Amino acid sequence: MRGKILGTLGVGIMVFLFAGIVPVMAMKPRNWGAVTSTRQPYGGSFSVSARFSDWKQYLTIYFRGMGSTNGATYELIYSGNNTDQGVYGDVKASEGTASRALFLGTCSFGVCTPYKNVGNMHLTITYKTKDGGSVVKKYKVKY
(Lines give C-alpha, C1' and ligand atoms only; values in the text may rest on other atoms or scores of the structure.)
Protein backbone atom coordinates (compact mmCIF):
# COMPACT_ATOMS: atom_id res chain seq x y z
CA MET A 1 0.00 0.00 0.00
CA ARG A 2 2.77 2.38 0.95
CA GLY A 3 4.52 1.73 -2.42
CA LYS A 4 1.31 2.58 -4.31
CA ILE A 5 0.91 5.87 -2.46
CA LEU A 6 4.54 6.85 -3.09
CA GLY A 7 4.21 5.87 -6.78
CA THR A 8 1.03 7.91 -7.21
CA LEU A 9 2.56 10.80 -5.31
CA GLY A 10 5.70 10.62 -7.49
CA VAL A 11 3.63 10.71 -10.70
CA GLY A 12 1.62 13.64 -9.33
CA ILE A 13 4.76 15.58 -8.51
CA MET A 14 6.20 14.89 -11.98
CA VAL A 15 3.00 16.09 -13.70
CA PHE A 16 2.99 19.20 -11.52
CA LEU A 17 6.65 19.98 -12.29
CA PHE A 18 6.40 19.46 -16.05
CA ALA A 19 3.03 21.25 -16.34
CA GLY A 20 4.63 24.40 -14.93
CA ILE A 21 7.41 24.53 -17.55
CA VAL A 22 7.03 27.42 -19.95
CA PRO A 23 9.07 27.37 -23.17
CA VAL A 24 11.66 30.14 -23.44
CA MET A 25 11.52 32.19 -26.62
CA ALA A 26 14.72 33.51 -28.16
CA MET A 27 15.28 37.05 -29.32
CA LYS A 28 13.96 38.04 -32.73
CA PRO A 29 16.20 36.54 -35.44
CA ARG A 30 18.46 39.06 -37.18
CA ASN A 31 19.63 39.16 -40.77
CA TRP A 32 23.41 39.55 -40.87
CA GLY A 33 23.81 39.55 -44.68
CA ALA A 34 24.62 42.39 -47.05
CA VAL A 35 23.32 45.78 -45.96
CA THR A 36 22.92 47.35 -49.36
CA SER A 37 23.70 46.55 -52.93
CA THR A 38 23.07 49.30 -55.45
CA ARG A 39 24.22 49.84 -59.01
CA GLN A 40 26.55 52.67 -59.86
CA PRO A 41 25.64 54.30 -63.22
CA TYR A 42 29.25 55.11 -64.12
CA GLY A 43 32.56 53.28 -63.90
CA GLY A 44 34.51 55.56 -61.56
CA SER A 45 37.64 54.45 -59.74
CA PHE A 46 37.67 51.66 -57.19
CA SER A 47 37.79 52.57 -53.49
CA VAL A 48 37.14 50.84 -50.17
CA SER A 49 36.30 52.25 -46.75
CA ALA A 50 35.12 50.70 -43.48
CA ARG A 51 33.27 51.88 -40.40
CA PHE A 52 32.09 50.31 -37.14
CA SER A 53 28.48 50.45 -35.98
CA ASP A 54 27.69 52.48 -32.86
CA TRP A 55 28.11 49.50 -30.52
CA LYS A 56 31.01 48.06 -32.54
CA GLN A 57 29.10 44.84 -33.22
CA TYR A 58 29.44 45.27 -36.98
CA LEU A 59 32.20 46.35 -39.31
CA THR A 60 30.64 47.66 -42.52
CA ILE A 61 32.86 47.68 -45.61
CA TYR A 62 31.89 50.04 -48.45
CA PHE A 63 32.96 49.27 -52.02
CA ARG A 64 32.76 52.05 -54.64
CA GLY A 65 33.58 51.92 -58.32
CA MET A 66 33.21 48.15 -58.70
CA GLY A 67 32.45 48.75 -62.40
CA SER A 68 36.13 49.59 -62.93
CA THR A 69 37.15 46.12 -61.65
CA ASN A 70 36.42 42.49 -62.44
CA GLY A 71 35.25 41.87 -58.87
CA ALA A 72 36.73 41.92 -55.36
CA THR A 73 37.09 39.68 -52.33
CA TYR A 74 37.45 40.59 -48.67
CA GLU A 75 38.81 38.73 -45.66
CA LEU A 76 38.61 39.92 -42.06
CA ILE A 77 40.73 38.05 -39.51
CA TYR A 78 40.42 39.00 -35.83
CA SER A 79 40.39 37.62 -32.32
CA GLY A 80 37.14 37.38 -30.40
CA ASN A 81 36.34 35.46 -27.21
CA ASN A 82 40.10 34.75 -27.03
CA THR A 83 39.98 32.70 -30.27
CA ASP A 84 40.93 33.54 -33.86
CA GLN A 85 37.87 34.34 -35.99
CA GLY A 86 37.39 35.11 -39.66
CA VAL A 87 34.90 36.34 -42.25
CA TYR A 88 35.33 36.36 -46.02
CA GLY A 89 33.23 37.03 -49.10
CA ASP A 90 33.14 38.63 -52.51
CA VAL A 91 31.60 41.52 -54.39
CA LYS A 92 30.73 41.30 -58.08
CA ALA A 93 31.74 44.04 -60.50
CA SER A 94 28.10 44.39 -61.61
CA GLU A 95 27.12 45.60 -58.11
CA GLY A 96 28.71 49.01 -58.79
CA THR A 97 28.56 50.41 -55.25
CA ALA A 98 27.98 47.90 -52.47
CA SER A 99 28.51 47.36 -48.76
CA ARG A 100 28.85 44.36 -46.49
CA ALA A 101 28.03 44.41 -42.78
CA LEU A 102 30.20 41.88 -40.96
CA PHE A 103 28.84 40.79 -37.57
CA LEU A 104 31.58 40.35 -34.98
CA GLY A 105 30.00 37.41 -33.20
CA THR A 106 28.28 34.10 -33.70
CA CYS A 107 24.74 33.06 -34.59
CA SER A 108 22.98 29.79 -33.85
CA PHE A 109 19.31 28.90 -34.30
CA GLY A 110 18.42 32.53 -35.09
CA VAL A 111 20.05 33.95 -31.95
CA CYS A 112 23.20 36.04 -32.38
CA THR A 113 25.73 36.90 -29.69
CA PRO A 114 28.54 39.42 -30.17
CA TYR A 115 32.07 38.35 -29.25
CA LYS A 116 33.84 39.83 -26.25
CA ASN A 117 37.49 40.93 -26.21
CA VAL A 118 37.55 41.73 -29.94
CA GLY A 119 40.91 42.89 -31.26
CA ASN A 120 43.88 42.28 -33.56
CA MET A 121 41.80 42.97 -36.69
CA HIS A 122 43.29 42.63 -40.17
CA LEU A 123 41.30 43.32 -43.34
CA THR A 124 42.55 42.15 -46.73
CA ILE A 125 40.89 43.42 -49.92
CA THR A 126 41.82 41.82 -53.25
CA TYR A 127 40.40 43.17 -56.47
CA LYS A 128 40.85 42.05 -60.05
CA THR A 129 41.72 44.73 -62.60
CA LYS A 130 40.14 44.88 -66.06
CA ASP A 131 43.45 43.81 -67.65
CA GLY A 132 43.49 40.54 -65.62
CA GLY A 133 45.83 41.63 -62.82
CA SER A 134 45.22 41.40 -59.11
CA VAL A 135 45.77 44.08 -56.47
CA VAL A 136 45.96 43.18 -52.76
CA LYS A 137 45.45 45.82 -50.06
CA LYS A 138 46.02 44.98 -46.39
CA TYR A 139 44.73 47.09 -43.50
CA LYS A 140 45.06 46.91 -39.73
CA VAL A 141 41.69 47.90 -38.25
CA LYS A 142 41.64 49.68 -34.88
CA TYR A 143 38.82 48.42 -32.69
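Odds and ends about this structure:
- Rg/Rg_globular for the stretch 40-95, with Rg_globular taken as 2.2 N^0.38 Å and Rg from C-alpha atoms: 1.35
- Contour minus Cα-Cα distance for Thr113 and Thr73 (0.36 nm per residue): 11.9 nm
- Taking 7 Å steps out from each Cα toward its Cβ at Tyr88 and Tyr143 produces label points 2.1 nm apart.
- Solvent exposure of Lys116, expressed as accessible area, is near 140 Å², computed with a probe of 1.4 Å over the protein chains only.
- Asp90 exposes around 80 Å² of accessible area when a 1.4 Å probe is run over every protein chain in place.
- Charge dipole (Cα centre; +1 on Lys/Arg Cβ, -1 on Asp/Glu Cβ; no other charges) of the stretch 59-116 amounts to roughly 140 debye.
- In order along the stretch 75-90, the phi-based Karplus estimate (6.51 cos²θ - 1.76 cosθ + 1.60, θ = phi - 60°) of 3J(HN,Hα) comes to 9, 10, 10, 7, 9, x, 6, 6, 9, 5, 10, x, 9, 9, x, 9 Hz; Gly and Pro are listed as x.
- Phi-derived couplings, Karplus 6.51 cos²θ - 1.76 cosθ + 1.60 at θ = phi - 60°, listed residue by residue for the stretch 50-58: 9, 8, 7, 6, 4, 9, 6, 8, 10 Hz, with x used for Gly and Pro.
The values are calculated or read from the model by the stated rules, or taken from the named source; none is laboratory data. Predicted, not measured: the structure shown is a model, and the values here were computed from it. Here the Cβ is made from the backbone with ideal geometry for all residues, glycine too, and neighbour counts use every protein chain on show. For accessibility, only protein heavy atoms count, side chains too; no ligands or nucleic acids. Shrake-Rupley method; radii C 1.70, N 1.55, O 1.52, S 1.80 Å.
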